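First up is the structure itself, then whatever we jot down about it.
The values are calculated or read from the model by the stated rules, or taken from the named source; none is laboratory data. For clarity, every value in this text was computed on a predicted model and none was experimentally measured. No Cβ is skipped: glycine too gets one built from the backbone with ideal geometry, and neighbour counts run over all protein chains shown. Surface areas here come from the heavy atoms of the whole protein model, side chains and all, with no ligands, DNA or RNA. Shrake-Rupley method; radii C 1.70, N 1.55, O 1.52, S 1.80 Å.
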Amino acid sequence: MKRVIEYRKLLEVDKNVTLKELKSIYRNSMKDSHPDKFVNDEAGKLAAEEHSKNIINAYHFLVSISVETVEKNLPEYQETINNFNILDFHLEKQTLFVTYVNGMTYEYIGVPRNIYVKMVNAESSNRFAKRHIYGNFIYRKTGEGTEE
């Protein structure tokens with residue numbers, strides 16, 4: 001959740017921002033901090049490059065978790081969680097990465113360590129995820145593969 005809050009703060013948006021608004025804010029932010037504006041200022045150029053990278057990362061991340069993106073990808077997501085078992089999962093800084101048998105990978109943001117430990121110890125990680133993960137955390141697709 002910390003990353004979500006930081007990115008929203010960086011782009012000065014709230015959780016209800018639309019994709020159209022987000023794109024406009026992103027473009028304006030990039031115009032204001034583009035490295036090409038600092039022709040004779042090497043330190044300014046380096047700072048602008050770093051700030052631009054942060055803006056790009058924030059934009060792509062926020063697009064991936066936006067309501068519109070989630071709704072658009074919902075059929076594919078539901079097919080994955082309903083028809084394919086979990087192949088592997090791990091937790092990094094309150095982000096649960098889950099890979100399914102069909103090769104899809106999703107990350108669930110803000111998952112506490114104690115929930116992860118319960119999932120590790122659960123008799124069925126699939127059943128645990130259906131009860132305690134799906135629908136309870138912000139998620140986004142982070143990778144896709146092919147069925148094995």
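Things worth noting here:
- Computed [θ] at 222 nm, helices only, for the chain once each DSSP H run of length n ≥ 4 contributes -39500 (n - 2.57): -18000 deg cm²/dmol
- Cα-based Lys proximity count in the chain, under 19 Å, for pairs eight or more positions apart or on separate chains: 26
- Between the stretch 1-40 and the stretch 63-92, the alpha-carbon centres lie 25 Å apart.
- Cα convex hull, the stretch 57-148: 96 Å³ per residue, rounded to a whole number.
- Whole-number percent relative contact order across the chain, with pairs defined as alpha carbons under 8 Å at least 6 apart: 19
- Based on protein heavy atoms only, the chain ends up with 65 Å² per residue of surface accessible to a 1.4 Å probe.
- Surrounding net charge for S125, when Lys and Arg each add one and Asp and Glu each subtract one, Cβ distance under 14 Å: +2
- Summing charges over all other residues whose Cβ lies under 13 Å from the Cβ of E49, with Lys and Arg as +1 and Asp and Glu as -1, gives -1.
- Sum of side-chain charges, E12 neighbourhood, beta-carbon under 15 Å (Lys, Arg +1; Asp, Glu -1): +2
- Label-to-label distance, nm, for residues given as T69 and E50 (7 Å Cα→Cβ offset): 2.5
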